[in-house]
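Encoded as structure tokens, the structure appears first; notes follow it.
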Amino acid sequence: MLRFLYICMLCNMLFCFLGYTQPRSSNKRAQAAFEKAGSQLRNHQYDQAIASLESAIALDGGFAAAYQQLGDIYRKQHNYIKAAANYNHVIRLDSTLTTLTWFGLGESLLHTGQYQEALLPFQRYVATPGLNAASRRLTMKYIADCQFSLQALKRPQLFRPHNPGPAINSTYDEYFPRLTADYRNIIFTRKENNRENFYESTQDSTGEWQTARLLQGDINSELYNEGAHCISPDGKYLFFTGCNRPDGRGSCDIYVSRREGDRWGAPHNLGAPVNSGGWEAQPALAADGRTLYFVSNRRGGQGGYDIWKSTLQSDGQWGEPQNLGPTINTVYDESSPYIHADNRTLYFASDGWPGFGNKDIFRSQLDSADRWQEPVNLGYPINDHHEQSALTVSMNGKQAFFSTRREDAIGGLDIYAFDLPQAVRPHPVAYLKGMIVDAENESPIQASVTLTDIVAGRVVYNEQADYEDGSFLAPLPFGKTYALHIKEPGYLFFSENYPLDDSTKINDAYEIRIALSRIKVGSTGTLNNIFFDVDRYELLPKSRIDLDNLVEFLNLNNTVRVEISGHTDNTGSETHNQTLSENRAKAVRDYLIHAGIAASRLTYKGYGQSQPVASNETEDGRQLNRRTDFKVIE
């Protein structure tokens, strides 16, 4: 919308002197050059028109209308320094020529970061009698930008952007950096000779980025542009924007491609209701893979281009998109959404909220009632009078990547990394990266993977492992303790515990290789989410998650008999530990019987400290030895 209003006003300015009432020069040759420029402008021959206007000015240095046209052309070409110089000439020669001179000067000064100087021209223009509502609204928005910027410049953020160098950036434009959760792969768009394609770079063991190469497979095409994308945290799926394709519903649609080995499969159009007859682009996938944010100009929005979201339904189809509403979207344009892995922090670009004059990056977070809060500008110098867009933030919230134009750039738009200021960071999130295989033959298993908040009893992740290699990647927001369960028919289920509410035990990343044991006599599993108070044998409520999974396992495998075994560390006497382990095993058996499992299928036994699985010399080792196992005995 802002771009539309800008173009309308600029076109009005470009051609305001081409009619019969145009100011004329007393120098016939200057007037002829000016009229020639008018003809060239109608044919969009801007460089030739500039040359004609410069000839007119050389012949008549007081030709205000020629300076006005030059200012308009330079502003259209985003050469704001030259535009401002020409508008100043107009004001010096004839300040009443047209009130649009004041708007053009103000916008040129705004887009070169001269905020104090831009205020007066905007204030002069907005006082124009009979000014239409759209022009008044845009000018007042620009005045608000100037006022915001003057205050923000007094509070600069610490900002030390790092250019990753020629491995990623080139003499061409690079933008839309998107990284996998482990930060080992980056996929971005490179524009070469007016063609957009995807490139990928990988970090080596020393943390150095390797030379980027075209994505392999069917995703980059010769006939169409591909860009404005996002990648799933596990790096398996790429959602992207494709325009003017034969299977498109509108001018631009959202597509998805799956990585198959080291190649990308044929793109699939998401279809309705995500794609419409309008323009859909710039997808952002939530870490759980179930919410897709994107930009569209479809009907029902707040302004020009808005941010929308669609939720994956139980039948595997995307639901009807919802507009994020006026707390996020403005009457102008929003773009390049990025939803952090905490699923509560949204970064996006906007030229509608108060900023530095062009598109700035903002952050909004969901409150306790799941309502988006008013966006916060990331501040100076992350944002400035240039256009910023497409921010990506690491899972732990500490580092960000984005694309911008800087003096140290290798090309035009380059990708940069920087430390995100504390005030605008998201909630930190770790990740669990795993691979599930058969314990006997090492073949991958497409098992069910569930993560549960053990205090709230709420499932936060429920997906299948990858069918090709048994891999999965799950986000783990800090501040909670999670129970991991891996289940596959014909196998014992796997249980693990991740205490991210304990600051002494928090990591940014957890990697695990899980070898599932087939159900057969002698197979043993550990219930890592069974909890007792110290030296007690009453089950704590948060043990229910593991216990209920064991109930489910026994119900699904109703011919299986198991032994529940209790184990302790070596703290205390052997006799005491033996009794404690027996009582704890019995507590688990009693829970299972109460849940409907026949007592004839269950035995229990305490082993005390006699079967350690780790050294009792360390607290970590003792914790591993304090455990509850289940073993198939029939």
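The values are calculated or read from the model by the stated rules, or taken from the named source; none is laboratory data. Just so we're clear, the structure is a prediction, and the values are computed from it rather than from any experiment. Every residue, glycine among them, receives a Cβ derived from its backbone with ideal geometry; neighbour counts consider all protein chains shown. Protein only, heavy atoms only, side chains kept; ligands, DNA and RNA dropped before computing areas. Shrake-Rupley method; radii C 1.70, N 1.55, O 1.52, S 1.80 Å.
For region 593-607, filtered to residues that are surrounded by 15 or more Cβ atoms within 10 Å (Cβ to Cβ) and among the small types (G, A, S), the residue that is nearest to N528 (Cα to Cα) is G606. One residue alone among A409, A400 is of a type in the set (G, A, S) and without any contact (Cβ under 8 Å) to a residue 24 or more places away in the chain, and that residue is A400.
No other residue among R299, R263 is under 30 Å from D466 (Cβ atoms), among the charged types (D, E, K, R), exposed (fewer than 15 other Cβ atoms within 10 Å of the Cβ) and over 15 Å from the mean Cα position of the chain (by Cα) apart from R263.
Look at region 108-131 and say how many of its residues are part of a helix (DSSP H, G or I) and open to solvent by 80 Å² or more (accessible area, probe 1.4 Å).
5
Out of region 560-577, which residues are in a helix (DSSP H, G or I) and either of a type in the set (S, T, Y) or surrounded by 18 or more Cβ atoms within 10 Å (Cβ to Cβ) (or both)? T575, N577, listed by residue number. Give region 362-388 a look and list any residue that's over 18 Å from the mean Cα position of the chain (by Cα) and farther than 30 Å from S108 by Cα, or say none. Hits for region 362-388 are D367, S368, A369, D370, R371. Looking at the structure I just gave you, is A614 of a type outside the set (F, W, Y), assigned to a loop (DSSP other than H, G, I, E, B) and closer than 24 Å to Y498 by Cα? The answer is yes for A614.
Let me confirm something: among S350, S403, which residue is over 21 Å from T139 (Cα atoms) and small (G, A, S)? Just a single option satisfies the conditions, and that option is S403.
Can H89 be described as surrounded by fewer than 24 Cβ atoms within 10 Å (Cβ to Cβ) and closer than 16 Å to H386 by Cα? For H89, the condition - surrounded by fewer than 24 Cβ atoms within 10 Å (Cβ to Cβ) and closer than 16 Å to H386 by Cα - is not met. Checked against (1) open to solvent by 20 Å² or more (accessible area, probe 1.4 Å); (2) at pLDDT 95 or above; (3) polar (S, T, N, Q); (4) closer than 23 Å to P23 by Cβ, S95 passes all but a single condition, namely (2).
Tell me the residue from A439, A423, A447 that is open to solvent by 30 Å² or more (accessible area, probe 1.4 Å) and either of a type outside the set (G, A, S) or at pLDDT 95 or above (or both), please. One residue alone meets the criteria, A439.
Looking across region 479-520, the residues that are open to solvent by 60 Å² or more (accessible area, probe 1.4 Å) and farther than 16 Å from A465 by Cα come down to K480, D501, S503, T504, K505, N507, D508, R518, K520. Cβ-Cβ distances below 9 Å connect no pair with a first residue in region 138-153 that is without any contact (Cβ under 8 Å) to a residue 60 or more places away in the chain and of a type in the set (G, A, S), a second residue that is in a helix (DSSP H, G or I) and open to solvent by 10 Å² or more (accessible area, probe 1.4 Å), and a separation of six or more residues or different chains. Scanning region 235-259 for residues that are more than 23 Å from the chain's Cα centre (by Cα) and not in a loop (DSSP other than H, G, I, E, B) gives no hits. Counting residues in region 544-559 that are assigned to a helix (DSSP H, G or I), of a type in the set (V, I, T) and loosely packed, with under 15 Cβ neighbours inside 10 Å gives zero. The helices (runs of 4 or more DSSP H) falling completely within region 1-66 that include 3 or more residues that are modelled with pLDDT of 95 or more and more than 19 Å from W102 (Cβ to Cβ) map to 28-42, 46-59. The number of residues in region 389-415 that are more than 28 Å from S232 (Cβ to Cβ), in contact with a strand residue (DSSP E or B) (Cβ under 9 Å, 6 or more places away or on another chain) and modelled with pLDDT under 90 comes to 5.
Answer with yes or no whether G289 is open to solvent by less than 30 Å² (accessible area, probe 1.4 Å) and free of Cβ contacts under 8 Å to residues at least 24 places away in the same chain.
Values: open to solvent by less than 30 Å² (accessible area, probe 1.4 Å): yes; free of Cβ contacts under 8 Å to residues at least 24 places away in the same chain: no.
Taking the combined requirement at face value, the residue does not satisfy it.
Between T579, T575, T628, T603, the distinction of being touching a Leu at 6+ places or on another chain (Cβ under 6 Å) and at pLDDT 95 or above belongs to T628 only. Going by the conditions given, is Q69 open to solvent by less than 30 Å² (accessible area, probe 1.4 Å) and within 27 Å of H386 (Cα to Cα)? Spelling it out, Q69 is indeed open to solvent by less than 30 Å² (accessible area, probe 1.4 Å) and within 27 Å of H386 (Cα to Cα). The sole residue among D533, D629, D590, D620 that is more than 23 Å from V459 (Cα to Cα), buried (at least 17 other Cβ atoms within 10 Å of the Cβ) and under 48 Å from the mean Cα position of the chain (by Cα) is D629. Within region 400-418, is there a residue that is in a strand (DSSP E or B), among the polar types (S, T, N, Q), under 19 Å from the mean Cα position of the chain (by Cα) and closer than 30 Å to A483 by Cβ? No, that holds for no residue. Scanning region 72-123 for residues that are under 39 Å from the mean Cα position of the chain (by Cα) and among the small types (G, A, S) returns A83, A84, G104, G106, S108, G113, A118.
Looking across region 353-398 at every residue that is among the polar types (S, T, N, Q) and over 22 Å from P326 (Cβ atoms), the one that is surrounded by the most Cβ atoms within 10 Å (Cβ to Cβ) is identified as T392. Only residues that are among the aliphatic types (A, V, I, L, M) and over 44 Å from the mean Cα position of the chain (by Cα) were counted across region 29-52, and they come to 5.
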